[in-house]
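Below is one structure, written out as structure tokens, with a few remarks after it.
The values are calculated or read from the model by the stated rules, or taken from the named source; none is laboratory data. Predicted model only: the values in this text are computed from it and were never measured. Every residue, glycine as well, gets a Cβ built from its backbone with ideal geometry; the counts of neighbours run over all protein chains shown. Just the protein is used for accessible areas: all its heavy atoms, side chains included, with ligands, DNA and RNA removed. Shrake-Rupley method; radii C 1.70, N 1.55, O 1.52, S 1.80 Å.
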Amino acid sequence: MIDKRRDASASRSALLDVLTRKPAGRRPPVWLMRQAGRYLPEYRAVREKAGSFVDLCYNPELAAEVTVQPLRRYDLDAAILFADILVVPHAMGLPLKFEEGEGPVLGTVRSDADLAALKPVLASHEVKQVCRTVELTRAQLSPDKALIGFCGAPWTVASYMVAGGSSDRVMAKVAAYQRQPWFVALIERLVAESIDYLSAQADAGAQAVQIFDSWAGDLVGSELEDFVLKPIGAIVAGVKARHPDLPIIVFGRGIGMEQPRAAALPGASAIGVETETDLAKLPKDIVVQGNLDPVALMAGPDVVRREVERICTAIDRQRHIFNLGHGIRLGTDPAVVGAVVDAVRRFDD
Ligand code: CP3
């Protein structure tokens, strides 16, 4: 029998319905962090054509192509813009390249003078190209598929800017503990640039945005307060002032039982939670996105089906967005990613 409710809502986005607390369907909407990427052969082919990862980020036709690739393979509810959190520091003027096998190499900010040399992102070639990718992608997606934009949160982005690319956050943590004036000003500057950047993505057609604070779990106490929660709260407020209806997902990775405080930031629509977060212990009135272990995908389809079942029974589907606790890992079998999406879609009591 045809499910009339689902039929009638075929032109609506299941993801946006949950984010805006409209009555949701019978299974949670699903998308996966890093759903576009090197585990997909069709991604590797386009990346080869683009030349490098950075070239791919600024080639709107090819970036739009890799954004929609996972939706051709899998019955996902959303596409996430193909770009990187390091677009913002790059657009501010820091050189950026990705070394094969080593990750990002970025220019550094470690003084007042370095900070003063940074440019606003909005006029940059980089941000124009990313916004063009948003437009081209939106034009290729049907109305039931949402397009998610994103940026990195100030702490995570600043940690790369201080270290010069590698994910060693020790120098940034020292600057944070010492409350170095240039560091405090860098966080403030990233708040302002991120508001402009996310607003530009929304103007170009992004229908929801996610703020990635991948290293939020590095900080505790007043540093967590001042360099993670307050800056994210300021971005949410700034974006909401320009786009009151734009849903905003906050992914503060590693903050464990401080997650409810991220959810309580005025204007935040949902929180993304890592694998280690116990869904049953979260407040019952917040929309939660997560939290399948990306490593479970490497253990095969049977493990994946069991874990999907466990997660989907742990949380009320009216306020659940199915996702991973972190991005899909390199070397994941694309067929197992398909098994995740199918298992969520079949989850129907
Ligand atoms: O999720 C998606 O599919 C959308 C695109 C996206 C990428 N990076 C593409 C990417 C998003 C949302 C990001 C976010 C991002 N980038 C984060 C936050 C999320 C997280 O993973 O914690 C961070 C910390 C970065 C910085 C970054 N980008 C690093 C450290 C690396 C190198 C790691 C590696 O796997 O080599 C990247 C590269 C990157 N970003 C790739 C992709 C598809 C791989 C690059 C390639 O094609 O070679």
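Just a few scattered comments:
- Cα Rg over Rh - region 12-110, Kirkwood: 1.06
- Exposed GluC sites (Glu not before Pro) absent: longest stretch of the chain, with sites in DSSP loops and at most 10 other Cβ within 10 Å deemed exposed: 103-349
- Normalised convex hull volume, the chain, alpha-carbon set, Å³ per residue: 124 Å³
- Each principal axis of the Cα atoms in region 71-129 has its own extent, and those three values, largest first, are 49, 30, 16 angstrom.
- Accessible surface, per residue, of the chain when the full set of protein chains is kept, probe 1.4 Å, Å²: 41 Å²
- By accessible area, using a 1.4 Å probe on protein heavy atoms only, the chain has 53% of its surface on carbon and sulfur.
- When every Cα-Cα distance of region 235-349 is counted in 10 angstrom steps from zero, the calculated P(r) takes the values 14, 42, 31, 12, 1 percent.
- Taking every full run of DSSP H in the chain, the ones that stretch at least 15 Å from end to end by Cα along their long axis and average -1.0 or higher on the Kyte-Doolittle scale are 60-73, 125-140, 181-204, 230-242, 301-314, 334-346.
- Of the trypsin sites (Lys or Arg not before Pro) found in region 300-349, those that fall in a DSSP loop while having at most 16 other beta-carbon atoms within 10 Å are R329.
- The chain, relative contact order in percent, only Cα pairs under 8 angstrom and at least six apart counted: 20 percent
- Label-point gap, in nm, between Q178 and R310 - each point 7 angstrom along Cα→Cβ: 4.4 nm
- Extension gain for the segment S11 to A280, taken as residue separation times 0.36 nm less the Cα-Cα distance, is 93.6 nm to one decimal.
- For the residue pairs K97/K284; K22/K230; K22/K119; K128/K240; K145/K284; K22/K281, the C-alpha atoms sit more than 32 angstrom apart in K97/K284; K22/K119.
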